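Student: Would you mind keeping the following structure in view while I ask a few things?
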Amino acid sequence: MDNYDYYDLELFFSNDSNDTGYPETVVNGEIVLCKKTDVVQFGTAFLPALYCAIFLVSLVGNGLVLCIIYKYEKLRTVTNIFLLNLVISDLIFASSLPFWAVYHKSEWIFGRGLCKLVGSCYSISFNSSILFLTLMTFDRYLTVVHAITLAQRRRAAYAFVSSIVIWVFSILASINDIVLHDVMDGGEGLLCEMTGYHQKFLTKLELLGYYRQFYLFFLVPLVIVLYCYTHITFRIMFTRMRKKCRGVKLIFVIVFTFFICWTPYNIVILLKAIKMSFGDQNDCSNTLDYALYVMRNFAYLYCCISPVFYMFLEKKFQNHFLKLLSKRIPCLKINVAT
(Lines give C-alpha, C1' and ligand atoms only; values in the text may rest on other atoms or scores of the structure.)
Protein backbone atom coordinates (compact mmCIF):
# COMPACT_ATOMS: atom_id res chain seq x y z
CA MET A 1 0.00 0.00 0.00
CA ASP A 2 1.09 3.56 -0.69
CA ASN A 3 1.68 5.10 2.71
CA TYR A 4 1.50 8.67 1.46
CA ASP A 5 -1.85 8.01 -0.12
CA TYR A 6 -3.05 6.19 2.96
CA TYR A 7 -2.46 9.18 5.12
CA ASP A 8 -3.67 11.64 2.51
CA LEU A 9 -0.24 13.11 1.89
CA GLU A 10 0.95 12.31 -1.62
CA LEU A 11 4.18 14.07 -2.65
CA PHE A 12 5.71 14.50 -6.11
CA PHE A 13 9.33 15.58 -6.18
CA SER A 14 11.72 17.49 -8.45
CA ASN A 15 14.76 19.75 -8.07
CA ASP A 16 13.32 23.18 -8.88
CA SER A 17 11.96 24.42 -5.58
CA ASN A 18 13.30 25.48 -2.21
CA ASP A 19 10.15 24.65 -0.26
CA THR A 20 10.72 21.26 1.34
CA GLY A 21 7.74 21.28 3.65
CA TYR A 22 9.45 18.85 6.07
CA PRO A 23 12.51 18.87 8.37
CA GLU A 24 15.96 18.03 6.95
CA THR A 25 15.93 14.70 8.78
CA VAL A 26 13.06 13.61 6.55
CA VAL A 27 13.99 15.02 3.11
CA ASN A 28 17.58 15.82 2.20
CA GLY A 29 16.87 17.26 -1.26
CA GLU A 30 14.72 20.02 -2.70
CA ILE A 31 11.12 19.11 -3.51
CA VAL A 32 7.89 20.47 -4.89
CA LEU A 33 5.05 19.86 -2.48
CA CYS A 34 1.67 19.13 -4.04
CA LYS A 35 -0.87 20.44 -1.57
CA LYS A 36 -3.75 18.01 -1.08
CA THR A 37 -5.87 20.17 1.20
CA ASP A 38 -9.16 19.32 -0.50
CA VAL A 39 -8.38 15.60 -0.46
CA VAL A 40 -7.39 15.71 3.22
CA GLN A 41 -10.60 17.56 4.15
CA PHE A 42 -12.60 15.08 2.10
CA GLY A 43 -11.10 12.21 4.11
CA THR A 44 -11.41 13.96 7.48
CA ALA A 45 -15.12 14.48 6.92
CA PHE A 46 -16.16 10.82 6.74
CA LEU A 47 -13.21 8.45 7.33
CA PRO A 48 -13.20 8.41 11.18
CA ALA A 49 -16.86 7.38 11.42
CA LEU A 50 -16.49 4.87 8.58
CA TYR A 51 -13.42 3.26 10.12
CA CYS A 52 -15.11 2.94 13.51
CA ALA A 53 -18.18 1.33 11.92
CA ILE A 54 -16.05 -1.14 9.94
CA PHE A 55 -14.08 -1.98 13.08
CA LEU A 56 -17.20 -2.75 15.14
CA VAL A 57 -18.92 -4.84 12.47
CA SER A 58 -15.73 -6.73 11.67
CA LEU A 59 -15.04 -7.35 15.34
CA VAL A 60 -18.52 -8.78 15.93
CA GLY A 61 -18.67 -10.83 12.71
CA ASN A 62 -15.17 -12.30 12.82
CA GLY A 63 -15.39 -12.77 16.58
CA LEU A 64 -18.55 -14.83 16.10
CA VAL A 65 -16.88 -16.99 13.46
CA LEU A 66 -13.89 -17.44 15.76
CA CYS A 67 -16.21 -18.48 18.60
CA ILE A 68 -18.00 -21.06 16.42
CA ILE A 69 -14.72 -22.56 15.22
CA TYR A 70 -13.53 -22.86 18.81
CA LYS A 71 -16.75 -24.31 20.26
CA TYR A 72 -17.98 -26.59 17.48
CA GLU A 73 -15.59 -27.00 14.58
CA LYS A 74 -12.17 -27.09 16.22
CA LEU A 75 -9.37 -27.57 13.69
CA ARG A 76 -10.54 -30.83 12.19
CA THR A 77 -10.18 -29.93 8.53
CA VAL A 78 -7.71 -28.08 6.34
CA THR A 79 -10.44 -25.61 5.36
CA ASN A 80 -11.10 -24.75 9.02
CA ILE A 81 -7.40 -24.15 9.64
CA PHE A 82 -7.19 -21.81 6.67
CA LEU A 83 -10.49 -20.20 7.67
CA LEU A 84 -9.16 -19.55 11.17
CA ASN A 85 -6.10 -17.83 9.75
CA LEU A 86 -8.28 -15.77 7.41
CA VAL A 87 -10.39 -14.58 10.37
CA ILE A 88 -7.23 -13.68 12.30
CA SER A 89 -6.03 -11.72 9.29
CA ASP A 90 -9.31 -9.77 9.15
CA LEU A 91 -9.09 -9.03 12.87
CA ILE A 92 -5.51 -7.75 12.49
CA PHE A 93 -6.71 -5.39 9.80
CA ALA A 94 -9.71 -4.23 11.84
CA SER A 95 -7.55 -3.57 14.90
CA SER A 96 -5.66 -0.85 13.02
CA LEU A 97 -8.75 1.13 12.02
CA PRO A 98 -9.44 2.92 15.35
CA PHE A 99 -5.89 4.31 15.27
CA TRP A 100 -6.34 5.62 11.74
CA ALA A 101 -9.72 7.09 12.71
CA VAL A 102 -8.08 9.19 15.44
CA TYR A 103 -5.17 10.03 13.13
CA HIS A 104 -7.44 11.36 10.37
CA LYS A 105 -9.36 13.40 12.92
CA SER A 106 -6.34 15.15 14.45
CA GLU A 107 -2.74 13.88 14.45
CA TRP A 108 -0.69 10.83 15.44
CA ILE A 109 -0.73 10.65 19.25
CA PHE A 110 0.24 7.02 19.86
CA GLY A 111 4.05 7.16 19.73
CA ARG A 112 6.75 5.58 17.57
CA GLY A 113 6.17 1.95 18.55
CA LEU A 114 2.51 1.90 17.59
CA CYS A 115 3.30 3.91 14.48
CA LYS A 116 5.52 1.08 13.23
CA LEU A 117 3.15 -1.65 14.40
CA VAL A 118 -0.09 -0.16 13.12
CA GLY A 119 1.58 1.01 9.92
CA SER A 120 2.45 -2.59 9.05
CA CYS A 121 -0.92 -4.11 9.97
CA TYR A 122 -2.60 -3.11 6.73
CA SER A 123 -0.09 -4.68 4.36
CA ILE A 124 0.38 -7.81 6.50
CA SER A 125 -3.36 -8.47 6.73
CA PHE A 126 -3.94 -7.70 3.05
CA ASN A 127 -1.12 -9.95 1.88
CA SER A 128 -2.08 -12.82 4.16
CA SER A 129 -5.78 -12.55 3.25
CA ILE A 130 -5.22 -12.88 -0.48
CA LEU A 131 -2.73 -15.72 0.03
CA PHE A 132 -5.03 -17.67 2.34
CA LEU A 133 -7.94 -17.26 -0.07
CA THR A 134 -5.75 -18.48 -2.91
CA LEU A 135 -4.54 -21.41 -0.83
CA MET A 136 -8.10 -22.39 0.13
CA THR A 137 -9.05 -22.36 -3.53
CA PHE A 138 -6.02 -24.43 -4.56
CA ASP A 139 -6.71 -26.97 -1.80
CA ARG A 140 -10.30 -27.32 -2.99
CA TYR A 141 -9.01 -27.74 -6.54
CA LEU A 142 -6.76 -30.63 -5.47
CA THR A 143 -9.58 -32.28 -3.55
CA VAL A 144 -12.27 -31.98 -6.22
CA VAL A 145 -10.37 -32.22 -9.51
CA HIS A 146 -7.52 -34.54 -8.59
CA ALA A 147 -9.25 -36.32 -5.69
CA ILE A 148 -6.13 -35.95 -3.55
CA THR A 149 -6.89 -37.19 -0.05
CA LEU A 150 -4.22 -37.51 2.61
CA ALA A 151 -4.24 -38.91 6.11
CA GLN A 152 -5.81 -36.59 8.68
CA ARG A 153 -2.56 -35.92 10.52
CA ARG A 154 -0.67 -35.29 7.32
CA ARG A 155 -3.33 -32.90 6.03
CA ALA A 156 -3.32 -30.98 9.32
CA ALA A 157 0.46 -30.73 9.25
CA TYR A 158 0.33 -29.50 5.65
CA ALA A 159 -2.23 -26.84 6.63
CA PHE A 160 -0.25 -25.61 9.63
CA VAL A 161 3.04 -25.48 7.72
CA SER A 162 1.38 -23.67 4.80
CA SER A 163 -0.16 -21.15 7.20
CA ILE A 164 3.19 -20.44 8.85
CA VAL A 165 4.83 -19.95 5.45
CA ILE A 166 2.11 -17.48 4.41
CA TRP A 167 2.45 -15.43 7.61
CA VAL A 168 6.24 -15.29 7.31
CA PHE A 169 6.03 -14.30 3.65
CA SER A 170 3.42 -11.62 4.42
CA ILE A 171 5.58 -10.13 7.16
CA LEU A 172 8.66 -10.12 4.92
CA ALA A 173 6.65 -8.39 2.17
CA SER A 174 5.70 -5.71 4.71
CA ILE A 175 9.20 -5.15 6.08
CA ASN A 176 9.39 -1.67 4.53
CA ASP A 177 6.38 -0.54 6.55
CA ILE A 178 7.80 -2.02 9.73
CA VAL A 179 11.26 -0.48 9.36
CA LEU A 180 10.55 2.88 7.70
CA HIS A 181 7.39 3.99 9.51
CA ASP A 182 8.15 6.64 12.10
CA VAL A 183 6.69 9.73 13.72
CA MET A 184 7.67 13.13 12.31
CA ASP A 185 6.62 16.74 12.72
CA GLY A 186 4.49 17.87 9.79
CA GLY A 187 4.22 21.48 10.93
CA GLU A 188 0.56 21.29 11.95
CA GLY A 189 0.84 18.11 13.98
CA LEU A 190 2.64 14.79 14.29
CA LEU A 191 2.55 12.43 11.29
CA CYS A 192 3.07 8.69 11.04
CA GLU A 193 4.77 8.18 7.67
CA MET A 194 7.58 6.37 5.91
CA THR A 195 10.63 8.48 6.64
CA GLY A 196 14.32 8.41 7.60
CA TYR A 197 15.85 8.16 4.11
CA HIS A 198 16.33 10.41 1.10
CA GLN A 199 13.00 11.07 -0.57
CA LYS A 200 14.09 9.67 -3.95
CA PHE A 201 14.77 6.35 -2.25
CA LEU A 202 11.38 6.39 -0.52
CA THR A 203 9.66 7.22 -3.79
CA LYS A 204 11.32 4.23 -5.48
CA LEU A 205 10.17 1.98 -2.64
CA GLU A 206 6.67 3.41 -3.00
CA LEU A 207 6.63 2.65 -6.72
CA LEU A 208 8.01 -0.85 -6.14
CA GLY A 209 5.27 -1.44 -3.58
CA TYR A 210 2.61 -0.45 -6.15
CA TYR A 211 3.81 -2.96 -8.72
CA ARG A 212 4.44 -5.68 -6.14
CA GLN A 213 0.95 -5.36 -4.75
CA PHE A 214 -0.74 -5.36 -8.13
CA TYR A 215 1.18 -8.21 -9.75
CA LEU A 216 2.23 -10.43 -6.85
CA PHE A 217 -0.73 -10.01 -4.50
CA PHE A 218 -3.51 -9.45 -6.99
CA LEU A 219 -2.88 -10.52 -10.59
CA VAL A 220 -1.09 -13.81 -9.85
CA PRO A 221 -3.68 -14.95 -7.25
CA LEU A 222 -6.47 -13.93 -9.63
CA VAL A 223 -5.03 -16.13 -12.40
CA ILE A 224 -4.65 -19.06 -9.98
CA VAL A 225 -8.20 -18.70 -8.68
CA LEU A 226 -9.70 -18.46 -12.16
CA TYR A 227 -7.75 -21.52 -13.29
CA CYS A 228 -8.80 -23.58 -10.27
CA TYR A 229 -12.48 -22.68 -10.38
CA THR A 230 -12.70 -23.20 -14.12
CA HIS A 231 -11.50 -26.78 -13.68
CA ILE A 232 -13.65 -27.29 -10.57
CA THR A 233 -16.74 -26.14 -12.46
CA PHE A 234 -16.09 -28.52 -15.37
CA ARG A 235 -15.42 -31.36 -12.95
CA ILE A 236 -18.68 -30.81 -11.12
CA MET A 237 -20.69 -30.41 -14.32
CA PHE A 238 -19.46 -33.69 -15.81
CA THR A 239 -19.52 -35.79 -12.63
CA ARG A 240 -22.45 -34.20 -10.74
CA MET A 241 -20.52 -34.13 -7.50
CA ARG A 242 -23.28 -32.46 -5.51
CA LYS A 243 -21.78 -32.98 -2.07
CA LYS A 244 -18.51 -31.38 -3.08
CA CYS A 245 -20.43 -28.68 -4.91
CA ARG A 246 -21.86 -27.47 -1.60
CA GLY A 247 -18.37 -27.19 -0.17
CA VAL A 248 -17.15 -25.31 -3.22
CA LYS A 249 -19.95 -22.75 -3.09
CA LEU A 250 -18.83 -21.10 0.13
CA ILE A 251 -15.22 -20.62 -0.92
CA PHE A 252 -16.26 -19.52 -4.40
CA VAL A 253 -18.53 -16.75 -3.06
CA ILE A 254 -15.88 -15.58 -0.59
CA VAL A 255 -13.19 -15.42 -3.26
CA PHE A 256 -15.48 -13.86 -5.86
CA THR A 257 -16.59 -11.12 -3.46
CA PHE A 258 -13.02 -10.48 -2.39
CA PHE A 259 -11.93 -9.76 -5.94
CA ILE A 260 -15.06 -7.70 -6.65
CA CYS A 261 -14.16 -5.54 -3.65
CA TRP A 262 -10.43 -5.31 -4.35
CA THR A 263 -10.25 -5.12 -8.16
CA PRO A 264 -11.22 -1.42 -8.50
CA TYR A 265 -8.71 -0.49 -5.81
CA ASN A 266 -5.90 -2.39 -7.51
CA ILE A 267 -6.73 -0.81 -10.87
CA VAL A 268 -6.32 2.62 -9.27
CA ILE A 269 -3.04 1.43 -7.71
CA LEU A 270 -1.78 0.43 -11.17
CA LEU A 271 -2.83 3.77 -12.68
CA LYS A 272 -0.96 5.64 -9.96
CA ALA A 273 2.14 3.50 -10.56
CA ILE A 274 1.98 4.23 -14.29
CA LYS A 275 1.58 7.93 -13.57
CA MET A 276 4.60 7.92 -11.26
CA SER A 277 6.68 5.99 -13.81
CA PHE A 278 5.77 7.79 -17.03
CA GLY A 279 3.63 10.82 -16.15
CA ASP A 280 4.44 14.42 -15.31
CA GLN A 281 5.93 14.46 -11.81
CA ASN A 282 4.72 18.03 -11.28
CA ASP A 283 1.11 17.13 -12.08
CA CYS A 284 -0.85 17.69 -8.86
CA SER A 285 -4.23 16.47 -10.12
CA ASN A 286 -6.53 15.07 -7.40
CA THR A 287 -8.52 12.71 -9.64
CA LEU A 288 -6.67 9.52 -8.70
CA ASP A 289 -6.56 10.58 -5.06
CA TYR A 290 -10.34 10.81 -4.85
CA ALA A 291 -10.67 7.52 -6.77
CA LEU A 292 -8.25 5.87 -4.35
CA TYR A 293 -10.26 7.11 -1.36
CA VAL A 294 -13.51 5.67 -2.67
CA MET A 295 -12.16 2.37 -3.99
CA ARG A 296 -9.93 1.73 -1.00
CA ASN A 297 -12.71 2.16 1.51
CA PHE A 298 -15.04 0.07 -0.63
CA ALA A 299 -12.40 -2.66 -0.40
CA TYR A 300 -12.22 -2.28 3.39
CA LEU A 301 -15.87 -3.33 3.64
CA TYR A 302 -14.82 -6.85 2.70
CA CYS A 303 -13.74 -7.39 6.30
CA CYS A 304 -17.37 -6.87 7.30
CA ILE A 305 -18.90 -8.89 4.47
CA SER A 306 -16.86 -12.08 4.72
CA PRO A 307 -18.24 -13.28 8.10
CA VAL A 308 -21.77 -13.03 6.67
CA PHE A 309 -20.88 -15.73 4.15
CA TYR A 310 -19.69 -18.03 6.90
CA MET A 311 -22.98 -17.61 8.75
CA PHE A 312 -25.54 -17.80 5.95
CA LEU A 313 -23.98 -19.74 3.06
CA GLU A 314 -22.64 -22.75 4.94
CA LYS A 315 -25.26 -25.01 6.52
CA LYS A 316 -23.14 -26.20 9.42
CA PHE A 317 -22.27 -22.64 10.40
CA GLN A 318 -25.98 -21.78 10.37
CA ASN A 319 -26.65 -24.66 12.75
CA HIS A 320 -23.79 -23.67 15.03
CA PHE A 321 -25.03 -20.08 15.02
CA LEU A 322 -28.52 -21.21 16.03
CA LYS A 323 -27.04 -23.30 18.82
CA LEU A 324 -25.27 -20.24 20.19
CA LEU A 325 -28.47 -18.18 20.01
CA SER A 326 -30.57 -20.93 21.58
CA LYS A 327 -28.51 -20.65 24.75
CA ARG A 328 -29.65 -17.03 25.05
CA ILE A 329 -33.11 -17.33 23.44
CA PRO A 330 -34.95 -20.44 24.75
CA CYS A 331 -37.61 -20.42 22.02
CA LEU A 332 -34.95 -21.20 19.43
CA LYS A 333 -34.17 -24.56 21.04
CA ILE A 334 -37.16 -26.12 19.29
CA ASN A 335 -35.92 -25.00 15.88
CA VAL A 336 -32.43 -26.28 16.59
CA ALA A 337 -33.78 -29.63 17.69
CA THR A 338 -35.88 -29.85 14.54
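The values are calculated or read from the model by the stated rules, or taken from the named source; none is laboratory data. Every value quoted in this text rests on a predicted model; they were computed, and no experiment measured them. Every residue, glycine as well, gets a Cβ built from its backbone with ideal geometry; the counts of neighbours run over all protein chains shown.
Student: Say whether the condition of being surrounded by fewer than 19 Cβ atoms within 10 Å (Cβ to Cβ), assigned to a helix (DSSP H, G or I), under 21 Å from the mean Cα position of the chain (by Cα) and among the aliphatic types (A, V, I, L, M) is met by at least one residue in region 112-127.
Tutor: Yes: region 112-127 contains one or more residues that are surrounded by fewer than 19 Cβ atoms within 10 Å (Cβ to Cβ), assigned to a helix (DSSP H, G or I), under 21 Å from the mean Cα position of the chain (by Cα) and among the aliphatic types (A, V, I, L, M).
Student: Keeping to region 167-179, report how many residues are in contact (Cβ under 8 Å) with a residue 60 or more places away in the chain and surrounded by 17 or more Cβ atoms within 10 Å (Cβ to Cβ).
Tutor: Residues in region 167-179 being in contact (Cβ under 8 Å) with a residue 60 or more places away in the chain and surrounded by 17 or more Cβ atoms within 10 Å (Cβ to Cβ): 2 in total.
Student: Being among the polar types (S, T, N, Q) and in a helix (DSSP H, G or I) is the filter here, so list the residues in region 153-180 that pass it.
Tutor: Ser162, Ser163, Ser170, Asn176
Student: Here's something else I'd like to know. Working only within region 130-154, note down all residues that are surrounded by fewer than 18 Cβ atoms within 10 Å (Cβ to Cβ), touching a helix residue (DSSP H, G or I) at 6+ places or on another chain (Cβ under 8 Å) and either modelled with pLDDT of 85 or more or not aliphatic (A, V, I, L, M) (or both).
Tutor: Within region 130-154, Phe138, Thr149 qualify.
Student: Another question, if that's okay. Can you name every one of the helices (runs of 4 or more DSSP H) wholly within region 227-338 that holds 3 or more residues which are modelled with pLDDT of 80 or more and within 19 Å of Thr137 (Cβ to Cβ)?
Tutor: Answer list for region 227-338: 242-278.
Student: Tell me whether region 193-200 contains one or more residues that are without any contact (Cβ under 8 Å) to a residue 12 or more places away in the chain and in a helix (DSSP H, G or I).
Tutor: Taking every residue of region 193-200 in turn, none turns out to be without any contact (Cβ under 8 Å) to a residue 12 or more places away in the chain and in a helix (DSSP H, G or I).
Table: residues versus (1) touching a Lys or Arg at 6+ places or on another chain (Cβ under 9 Å); (2) at pLDDT 85 or above.
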residue: Leu33; (1), (2): no, no
residue: Gly43; (1), (2): no, no
residue: Phe46; (1), (2): no, no
residue: Gly61; (1), (2): no, yes
residue: Tyr72; (1), (2): yes, no
residue: Ile92; (1), (2): no, yes
residue: Pro98; (1), (2): no, yes
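Student: Pick from Asp5, Asp38: which is at pLDDT below 85, crowded, with 20+ Cβ neighbours inside 10 Å and part of a helix (DSSP H, G or I)?
Tutor: Matching residue, one of Asp5, Asp38: Asp5.
Student: Still on this model: Against the conditions (1) surrounded by fewer than 17 Cβ atoms within 10 Å (Cβ to Cβ); (2) modelled with pLDDT under 85, where does Phe160 fall short? Just the number, please.
Tutor: (2)
Student: Related question: Out of the residues in region 80-90 that are farther than 26 Å from Tyr215 by Cβ and buried (at least 19 other Cβ atoms within 10 Å of the Cβ), which is farthest from the chain's Cα centre (by Cα)?
Tutor: Checking each candidate, the answer is Ile81.
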